[in-house]
1. Can you list which of the GluC sites (Glu not before Pro) found in the range 29-77 are DSSP loop residues with at most 15 other C-beta atoms within 10 Å?
2. Round to a whole angstrom and tell me the spacing of the C-alpha centers of the range 20-48 and the range 49-69.
3. Skipping prolines and chain starts, which residues have an amide H placed within reach, meaning under 5 Å, of the one on residue 43, given they are 5 or more residues away or on another chain?
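Throughout, read-outs are computed from the coordinates displayed, never taken from laboratory work. None of these values were measured; they are calculated from a predicted model. Heads up, the Cβs are rebuilt from the backbone with ideal geometry, glycines too, and the neighbour counts pull from every protein chain shown.
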Amino acid sequence: MEDSVPFNVLMHKMVPVHELLSEEEAVKVLKRLKITRDQLPKIKDTDAAIKTLEKAMNQSIPEKSVVKIIRDSQTSEVAEVYRLVIRG
């Protein structure tokens, strides 16, 4: 695995929490949202957050995986969004 990210970007206060969902969790989310996997917004596997997550997990994240991103929100305190990992 290439060490292209010199520091853990996920520890920066401006970067939201990124979590890789299991296949079962991803299916539940897609069913709840009533969408297909391909309808999710995309995130490239070359994104610094994905590279750092891979390094932390000590494994690569497969294409078509779903990542949950938890952001602070001014209107709802916390906002959960989902992204589909694609090849960059």
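1. Sites meeting the loop and neighbour criteria: 63.
2. 12 Å
3. Amide H to amide H, under 5 Å and 5 or more residues apart or across chains, residue 43 pairs with 84, 85, 86.
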